Every structure is written in C-alpha cells, then in structure tokens.
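What follows draws every value from the coordinates through simple rules; no lab data is involved. These figures come from a predicted structure and were not determined experimentally. Reconstructed Cβ throughout: ideal geometry from the backbone, glycine too, with neighbour counts over all protein chains shown.
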2 protein chains.
Amino acid sequence: MSDFEITKDDLNRPGLPANESLVEGAGKVKLDEPQSWGRGIINDLRRTVGTHWFQEMTNFNQKTVAVSCLIFISVIPPTLAFGASYGKMSGQRVGAIETILATSWVGVAYSLIGGMPMCVIGSTGPALALSTAVKNIAEGAGMDYLPFNGWVSIWLLGYCFTAAFFDLTRYVKLATRFTDEIFALLIVAIFVMDAVGDPFSPSGILRYFQEDHRSHTTTENEENPDYEYLTVALLSTILGFGTTWLIFFFRGFKFSPFFCNDGVRTSISDFSVTMSVLTWTLVKELLFADVPTEGLAVPDQFEPSFKCCTEACDTYWPDECMDQPEAYGTRSWFVPLFDVPGWAPFAAAGPAVMAFLLCYLDNGITWHLINHKHHRLTHGEAYNYDLMLNGCFNCVNGLMGLPWLVATTVPCIIHLNSLADKDAQGNFLSVQETRLTLFFSHALLGLTMLFLGLLKLLPLPVLYGVFLFMGLSSLPGIQFWNRFLLFFQQPSRYPESVFVKYMEKNRIHKYTVIQICFFCGVFVVMNIKAISIAFPFMTFLCIPSRLFFLPKFFSGWELALLDGEEDQINEWIQAKADSIRGFKMSFVDIEDDSDDDDKSAAYTPNIIAGDMQPMPVVNKAEISDDLSV
Amino acid sequence: MSDFEITKDDLNRPGLPANESLVEGAGKVKLDEPQSWGRGIINDLRRTVGTHWFQEMTNFNQKTVAVSCLIFISVIPPTLAFGASYGKMSGQRVGAIETILATSWVGVAYSLIGGMPMCVIGSTGPALALSTAVKNIAEGAGMDYLPFNGWVSIWLLGYCFTAAFFDLTRYVKLATRFTDEIFALLIVAIFVMDAVGDPFSPSGILRYFQEDHRSHTTTENEENPDYEYLTVALLSTILGFGTTWLIFFFRGFKFSPFFCNDGVRTSISDFSVTMSVLTWTLVKELLFADVPTEGLAVPDQFEPSFKCCTEACDTYWPDECMDQPEAYGTRSWFVPLFDVPGWAPFAAAGPAVMAFLLCYLDNGITWHLINHKHHRLTHGEAYNYDLMLNGCFNCVNGLMGLPWLVATTVPCIIHLNSLADKDAQGNFLSVQETRLTLFFSHALLGLTMLFLGLLKLLPLPVLYGVFLFMGLSSLPGIQFWNRFLLFFQQPSRYPESVFVKYMEKNRIHKYTVIQICFFCGVFVVMNIKAISIAFPFMTFLCIPSRLFFLPKFFSGWELALLDGEEDQINEWIQAKADSIRGFKMSFVDIEDDSDDDDKSAAYTPNIIAGDMQPMPVVNKAEISDDLSV
C-alpha cells in the first residue's frame, strides 16, 4: 500500500534510536484539569441533554425496536433474580415487585433526562452486598432496615452531589484500558458462569444436573410423581445452548450473501435474540409442555412485597403470624423515615460513604468502558451530571424502600454493541445514539407488572442462553482476553496488532500475567461473600497500580502501545517510522548509488527513491483491529 | 495481478465474437477409445498395483493412524445396521456376523490387491434390495435362498469379467459432474437423514422423541420401571449433536494460530472424529451410566447367524422350534450349492444381470466421483480390473452366504478428504494415496469379532453424530449444492465462480432446476421400497440425459463451464480472453494514441501498452474455487 513499509528487519537494526526516546512522556496518564465549582454538572448537562436530546428522542427506526426487545429480554431475568435475593436478605421488605418497579422507573427517568443514554441501569451484586451490610447495621442497633436505609440514601445524595459539584469524577477518568478490561472481563466471567454453571451459586444450566438443585426440590415438583430431574436437566441444556447457538446463527447472516438485500440481513441480525428466545420458548411450550423446566420467579400481583400482620406493620405475614388467615395489609410505599432513634439520621452518614464509593466506582468504571474512544460515540460524556442524577434516583428509591441501582456493565456493552454499525471485522463505524431503546425497554418492563403471568411462560434456561450469548459476544472486543489467548498460540502466527509488531513477546506476556493477577484478586474478593462488598475498591485499586506500579516494570512506550489511547499509539508509531526513515537516509548519504539488485544488501536506494511523502499513514485497519478485536 | 483484466464491461460489449463460437465442440462428452480384448484389465493392473503398490504399502505416518481410526469408526455402524437388515430379510441366514466378516475380509483383500485403494467397500441399500429380490425369487420357486444366491454370484462373476474384458467400463466414464453430483448429493442426503431423522425409516436422532420408537420398546426397556423415553431422547440429542459440534470444533484448529506448531494442529484435526467419539462416549458412560441410550446391535459371539433346529439345518432355532432348549448347531460356512433343482444354476443367470448392473453402476459412479480431476489423484484408475475383482469377491461371498459389497460413496469421500492436503479454502493440493488405511481399518473391524463386547459401549447417537458430520462436511464440495444455495442469495453477492462470471444468472438457475428434477426422481425411487431396486438405473439415466437432453437447452460453452473438466473450462476462458483482446486491438488500430485520462473512454491504450504476453494466465485460485468449493 505505502511505498514505505517497515519490515521486521528494519525494527531490529542496530544503531536505531532507542524506543524509549521516541516520544517523551509516552504511556503517562494525565489527570484532567479540574472545572470550577459546579461547572462540571452544568457543562455535562449542556453537552449532552442540552445538545442532543431532541435528536436522541426522535431517531426511531427498526433498530430501535430490535434493541428495545433485546434490552427488555435481557433485563428481566437479573431484575427478578435480584428481587428474590433482596427478598431473602431483607425479610421481604424489598422484593421482586420493588426491584421491577425501581428498574422500570429509574430506567424511564434516566432515558428521559440522563446524560449518557447508552448506559443501562440495574441491580448489581455489590449493591446487594452493601444493602445487606446496611441491614445488618440497622438490625444490630435494633432499628427497622427500611427507615435507616432511607437516611443512608439521603446522605448518599449529598455525597454524590458534592462529588459532582467538585468534579471529582475526573479521577475515574484516570482508569485506563488496563483497569477497564479487568473489570469488563470480570463481568463477562460472571455472565458466562451464571449461564453455564456457577461454582459459587446455584445458577446456570449445568447446575440442573444436581439432583438436589433448588429447582428440583420445590414442593410442587416433589409432589409430582412424573417429575424426573434428569429429563428437566437435559431439556434445560438443550434449550439453553440451543438459544445461544441460534442467536449466533442468525447473527451470522449479517455479512453473508443470503437473503435478498442488506435490509433483511440486518433485520435478522438485529432481532436474533428475540427470534431465538421466541423459537425456543415455543419449542418448550409446544413440544415439551409436560416437562416443568425452571421458570422465572414472578410475583403474583403488583403491591409491596411486605405483607403485615398488624396495623403497625412490623411483622411479616404469613411467616410471623401463621395462624392469621389473611394479611392486615401491605407496607406503605413510603418508608416511615422517623421510626428511628434520633441519632440514626447522623449515624447513617457512615454507611453512606460506602454507598457513595459504590456508586462512584461502579458507575464510573462502566461509563469509562462505554465511552472508550474506539466506540466512536459522539454525544459526549456526563460523568458529573449522571453521578448527581444517580444520587437523586437512589435517594428516591431509598425513601420508597426500593433497591439502589447503578450502571450495569454487560447490558451496557450489549446495548452499545447492538446499536453500533460495525464492519465485518467487528470494528465500530458508528453508533446510533438514542434514548428511545432505554425508554421503551424499561417502559415495557414496567408494563409487565400488569401482565405478570406472561413472564412465567419464559423458561429460565432460554434466558441463560441469552446471558451466555451476551458474555461470549463481548469477549472478542476485550484486548485482555485476546492477549490471554496468545499464551495458547504459536508466536509466529499471533494475530496482527501494534504491540505484537513492535514489542517482544515476553514483555507482552508479562503484562498479561500482571493483569491476570489483578483479575484473580478481584475475582476472589467478589466470590467470597464476607468481603464481596469490597469488590469495587479492589477494582479501583487497579487505577493507582497502573499509575505507580506498572511503570516500574514497563517502559513508557510499551505502556503506550498496550494501554494507550488511539492517538498516543499513533503518535508513537509515527515517531518510530520517522526514526527508521531518518536512519536510512543517513545511510544513503554514505553509500554509492549503484543499481544493486542483491536483496540482502542492507539499504538499497530504491526504498528511499519514492517521493518523500510526509509520513507513511499508519494502516488504519491495523490500529482499530488492535483496539477492538 | 495481471495487466490484462477482463471487466464486467468487457463481457457485455456489443460486437464481441459470440460465446458459442469460441471453442468448437465445447461441452461435448467424449467416449474413450475401446482397448483391445483383455488389455483393459492388464493395463489397469500395471498402471496401479504394478506401479505404486510398494509405495502405497509403506507410506505410514500419523495420518495413516488417524484415518484408519476414522474409517474404522465410520464403517462399524452401517455394517451392523445392514447386518440387522439382512438378518430380518433372510430369516437370519445372513446376519450381523456375516456382514462384519464380509466387510472385513473384502476390505483387507481389496486394500492388498485392489486397483483404487482410495475406495471403501461396504453394504449399500441397493445391494440389500437386490438380495431381497433374489430371496423372493428363490422362495417363490421353493428353493433355499443361500444356494440360489450362490449360483447368482457365480454368474455375476462371469458378467463382471466379461464386461471388464471388453472394457465396457469406459461407458461409465461418460458420466460427468452433472451425474456425479446428483448421486453424491443423494448419498449425502441419506447420511444426513439417517443421522438427524429419516422420515422413511426409524433411524436418526430426532426419531427417539417418538414414544413408540423401536429402541424404547425392547423387552429390556419395557421391563425397566426407571426407563423414561424422554430422558433417553434428550440425552441422545445432546450426544449426537454434541459429537458433530465437537468434530467441527477440533477441525477448526487446523488453520487457527492455536497450539505450538502445525504438527499439533494437524493431529487435532486428523483425530477430530476419534477424539470426539471418545469424549462423548466417556460422557455417556461416566456421567449418564444409568440412562440406557440405544447401543449397537452386536451379536454375542462369532459363528454363523443361522442356528439350526436339526441336522438338515433348514429350520431356524429358536423361532421354528420353540420347545427345543438348545440349537443343534449352526449352518456351515459354505453354502450347499447343489441343494437346488437342476435348472436353478441356469435360471440364476437372469437375476445375475441385475446384480451385474448394480455392481457396474454403483461402483462405477463412485469411482468416477473419487477420480474427479480436481482431487488430484496421481496413481491412476483401474475400472476394469476393479470390476473383475469386485466380481470375484462377491462370488466368494455368495458361496459363503455373505452379503454382496460394492464401493460406498460417502465413506469413500470421507476417506479421500481426510487423506487430502488442502488449503484454507478447501481446495485439494495433494492426496496421500495409501493402501494402509483401508488395510488397518478393515483388519481392525475383523479383530472386533474377538471383542464384540467392546462395541456395545459405543452409543448409537454418538455414531449418528459422526454421520451427520460426514454428510455436512461433504456438502461444500458439491457444486450442485452451492448452485442450489444461490437461490437464497443476493445475485450481486454470489460467490465467485467461472459460471457466475460468464453466464446469465437465469441460465445457471435453469440448469440447477433441471438437476433438482433428476435428483427428486432418483430420491423418490430410492425411498419407495417396492421400486428401490431401480435406484442405480435411475442414476444411470442421468448419463444419457446429459448427453442428449441437456444440449437441447444449453449451448455447448455453457455446459463446458457448468459441467466440463478443468482443462475444458480453461480452454474456453482462454479463448474468451483472446477474443476480447483481439477485439480491443482492432479498436486501437483505428483510434488515435492520445493520453486520454478519461476512464470512461472505451479502450484506453494503456491496457494494451503492456508487453504482449502470450495470454493472461487464468487465475488459478478462481478455477479451483469453482471446482471444489
């Protein structure tokens, strides 16, 4: 392509300028200048909602429908699963209905006034762990959980607002690909494990092969003489992996010659998840109606989960008043904030610090992942504004006894990917940035509260299949994963990428090994229940490690190639090319100009003969390949 | 690549010589010159066994082991299945043991002295149909089946020898790709249907979902209170499709960067079938030992299947002498040839004609498929010699009460493909032509008669998975199938091939439609039991249809492109290129030589400016792509 190509030999010539000296300060991470008080929020608001709101609310097309369905399908199961967990944790004070309601209203509200509508909010494991801690504190002090949680939420809003006001979110932007991808791979691991079979929890398709799995031991199934756990397990396996396979099969048509035009192919690819879920649900319902595979744990009707024994509503019907035929009523939607001792509102400031850190980090890292430059988002970031908004939403939730919500990584990635226009190699070309998908999917989620019975038709294994697809389809975009795969590949056949071209193989592996260590650390913390609340901190630890620890082991240029932004990488490659060119030029000066045909002669003039273009344009495909394959 | 490229515009220029006139006699099929009496056999013998025997017996390497395992695995199930069918048909006169013995000895003998050791012999449906007809004739005349069958076999040898002596096999070589591919696709269809679920017979994975399937209604299973047909069906589905998936997964490593070198990757690809079968057999035996999936119907010990009630051995124990506690003995291995009326040896000449046609056609078309030029076999053909040999083998089989065997298409294709060295696009580069794989696999088959119990461990659904793989992996090599897929593709995105480049789309489709009609005709005949004996005739009908019927609808050059040999296609493309070049040259003469930069100007001189190479070499990849993808 270019007259001037850098060969392997060129790179290894003795006498070339050292790689370290090419770009000064390569691999350094810079902290943004602080914005003056409050400007962060206002600038964010202007840049995003103020500029693009109308466009984002009106770009309705087929993709909008497809992605809304996809997000709807993908938020239901975690919402219900977390609902069940919250119910168990809080003695039904917060349950499935509360989780659906919270996810739905915050989703709709965020889609209307949020700053970064590519982000999907929802329940997460750390948020649940934190709520559990708050509940334990409250119970330890003899208080009811909900009012204390309400006070914590009020403080949380205060902290979030303060952080946004003083533009503290710029510290999250210190996170680089190093941290982002550890976090992303963790979340993907959770998704795949949840879908296939989690060694730490009874979730996943393969878990059905345990005879004592919770789904086999329900009263209903134990009383059914025809219930055969193995049949259920085998059918669940087929439904789950079948769903994943069918999604990939449909997506495969996108770049094939099949069907009459691009429009049809794109539709099939866009609706792949919906069609696969429908197909396998029908297979289950029509062909295997007699096999009771696990369904979703859907509540029966829309009302607060907590049913009271008495008017005071401090005991739970039926568990705490077995002889009472009917509940007195349900708890009020509004938390009785003043049913706590006088010192409690102040004591809540402590746990609220933890809650704030959770919001700050969990949100921050997800936002950072989504806004990575190679995703080519153009509508701008709104870290400060969204942090404040998240504080508001969570405060309202706290006051109503609903769970806290933050940005959820994998749904965000799926949302982004399915709205993206990509080339056949998977590089982002553009993204249809819209508020409508988030709006429709979460409005639909709210509507299901009116048709709760319909949700029961969805077999859980089919949804596991969707999760497996989500995890697997995110993998190829994670450079950390691709570098991990290099361990199993033949060095001479490593896929092309900037770091493979310029760096020694061992240096790449060393970097990957360090990343794996951090990954394992966070993974262990995440999976040990007692300390899982520290999970966001552990992730956060990666940021200073990258800033102060990694430079001890790697030169700046290596960090730039492995961990830098696209423009940093380009800058270095350009400097490298210039240095080789300059070196060759100096050589030509002292060599004679004979027509030497011998290829092994070090620097034949004809390499230089081409007109002196300013710079060999770095092959674009190669760079983006490195960044996003 | 070439200075001289033919563009779409070039093809459509008015005034070009007509495509019809480019090559005289294009698309004509030529009959070989007859060889003088007996020379055909001798030439064949010299060309093949006489020249390459030592090399073919000594080229032992890893591939030999891998392919031997593969062929061994793939011949077991049909051998046993046909054994069961023969037993049912003949009242146990010919059973599983006879089929194994015949396949094994003929396989070993053929591998040692056969002319085309790429071909795998075995039982086929038409041979079974013909044996049934012979049995019906014998019974109608009050004779025992085996002696009459013996006389037919003797006549068969006579016919085969005569045909080989007079070089009649050259007529089979009139078959072109048109006929070959109809036949190949039929056989692939049988394999896929047998594996997934045959609407005409109770074979295939999905058939297990029928509650009254033969495997669910065995005495053993009906007496087992834990037997759950749905569990067996679901597990069989997972085993079957799992096996197919795992084979393709292993094969995928061949051209990947994974593993340390090409040797390891090739091994994994070579042993993909063996490893997958072992893996899934272990999964079944270790994890699901309690689920009685269908196994192979293996006889208990090595002795003739027919057990006698009395010394005369004309009744079958235990069916025909229920009160007798033990059999008197078994039938002798040698058929009592003279236990028939005096006219029977002469009457046998009639059915033997049918048997001969079967051998002639079934063998011939398979040989023709295997020896197609794009497979790049170099050790020559031996149609006459092998036909004589096949007559001898079948004569011996007839005298011993063993079934007739002929060349079996899909195992042959699998054998060829797995011994081939291909590029990443699937084009043949070379084939390791050897006798060892056939020898080892069939010797191993013979050895299993000593360890019959081991075979019972193999779950039938796993073997169905292997069949499915065999069918699916043969599909992309069949041009008929690729042309069929064009119906579902966007014309502007048709995969590149010679006919797509030069022919009108509608003409291609017309040709495909005609081929589909023939396919359906043969398919119907094959699947209606009463007339299935005519299956080889129907296939043979395709040859005269191609010779006399197709030229009425298509020009010679079209037939050459769609149905010609590689050199015919090359000749036509060269003539076409020459004609365009000549046409352009004549234009240059009358045009001025100005430096016209306007691209739309019809014939810019710079196209011609290059030195006049003799001919633009036709892009090789393109041609082989057309021929074998």
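Values for this structure:
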read-out: Flagged links, alpha-carbon separation over 28 Å, of A:K307/A:K456; A:K552/B:K254; A:K456/B:K284; A:K576/B:K422; value: A:K552/B:K254; A:K456/B:K284; A:K576/B:K422
read-out: Net dipole in debye of segment A:42-157 [+1 Lys, Arg Cβ; -1 Asp, Glu Cβ; about Cα centre; nearest 20]; value: 160 debye
read-out: Shape call, segment A:497-538: gyration tensor on alpha carbons, a/c limit 1.5; value: prolate
read-out: HN-Hα J in Hz across segment B:243-252 - Karplus 6.51, -1.76, 1.60, θ = phi - 60°, x for Gly and Pro; value: 4, 4, 4, 5, 4, 5, 4, 5, 4, x
read-out: Cubic angstrom per residue, convex hull over Cα atoms of the protein assembly as shown; value: 226 Å³
read-out: Taking B:H374, A:H415 and counting other C-beta atoms within 10 Å, the order from fewest to most; value: B:H374, A:H415
read-out: Label geometry 7 Å along the beta-carbon vector: B:Q62 inter-copy distances in nm; value: 4.7
read-out: Alpha carbon Rg of chain A, scaled by the compact-globule rule 2.2 N^0.38 Å; value: 1.08
read-out: Cα shape, segment A:263-338, gyration tensor, a/c 1.5 rule; value: oblate
read-out: Residues A:L22, B:L429, A:L11, A:L405 arranged by fewest to most Cβ contacts within 10 Å; value: B:L429, A:L11, A:L22, A:L405
read-out: Amide H within-cut-off set for B:K422, under 5 Å, with H built and near neighbours excluded; value: B:L429
read-out: Estimated distance in nm for a label pair at A:D323 and B:K8, the labels positioned 7 Å out from Cα along Cα-to-Cβ; value: 8.8 nm
read-out: Nonlocal amide H pairs with A:G295, under 5 Å, H built at 1.01 Å; value: A:L460
read-out: Listed residues A:G107, A:L168, A:G125: farthest to the positive end of the dipole of segment A:104-247 (Cβ charges); value: A:L168
read-out: Rounded tilt (10° steps) of A:96-113 against the dominant C-alpha axis of chain A; value: 50 degrees
read-out: ³J(HN,Hα), Karplus 6.51/-1.76/1.60, whole Hz, each residue of segment A:128-137, x for Gly, Pro; value: 5, 4, 5, 4, 4, 4, 4, 4, 4, 4
read-out: Exam field: A:A84 pseudo-label spacings to other copies (7 Å along Cα-Cβ), nanometres; value: 4.2
read-out: Percentage relative contact order, chain B, counting C-alpha pairs under 8 Å, at least six apart; value: 29 percent
read-out: Inter-copy spacing of A:I528 label points, which lie 7 Å from Cα along Cα→Cβ, given in nm from shortest upward; value: 7.6
read-out: Helix axis angle, A:177-196 relative to chain A longest principal axis, alpha carbon, degrees; value: 50 degrees
read-out: C-alpha center-to-center spacing [segment A:271-298, segment A:336-389] in angstrom; value: 37 Å
read-out: Net charge over other residues, Cβ less than 15 angstrom from the Cβ of B:M526 (K, R count +1; D, E count -1); value: -2
read-out: Degrees separating the helix A:383-400 axis from the principal Cα axis of chain A, which is the longest one; value: 10 degrees
read-out: Distance from segment B:77-146 to segment A:126-167 (C-alpha centre basis), Å; value: 80 Å
read-out: Environment charge of B:A312, counting only residues whose C-beta is closer than 11 Å and scoring Lys/Arg +1, Asp/Glu -1; value: -3
read-out: Ranked list, fewest to most other Cβ atoms within 10 Å of each Cβ, for B:C260, B:C321, A:C412, B:C313; value: B:C260, B:C321, B:C313, A:C412
read-out: CD proxy at 222 nm, helix term only [per DSSP H run n ≥ 4: -39500 (n - 2.57); per residue of chain A; nearest 500]; value: -17500 deg cm²/dmol
read-out: Estimated vicinal HN-Hα couplings, Hz - segment A:39-56 in sequence order (Karplus 6.51, -1.76, 1.60; Gly, Pro = x); value: 5, x, 5, 5, 4, 4, 4, 4, 5, 9, 4, x, 9, 10, 4, 5, 4, 6
read-out: Amide proton proximity set for A:G329, modelled H, under 5 Å, gap of 5+; value: A:C308
read-out: Inter-label distance, nm, simple model (7 Å from Cα along the C-beta direction), A:F583/A:A84; value: 6.2 nm
read-out: Spacing of the two label points (7 Å from each Cα toward its C-beta) at B:K510 and B:F488, in nm; value: 2.6 nm
read-out: Dipole magnitude (debye, nearest 20) for segment B:1-90, charges at Cβ of Lys, Arg, Asp, Glu; value: 640 debye
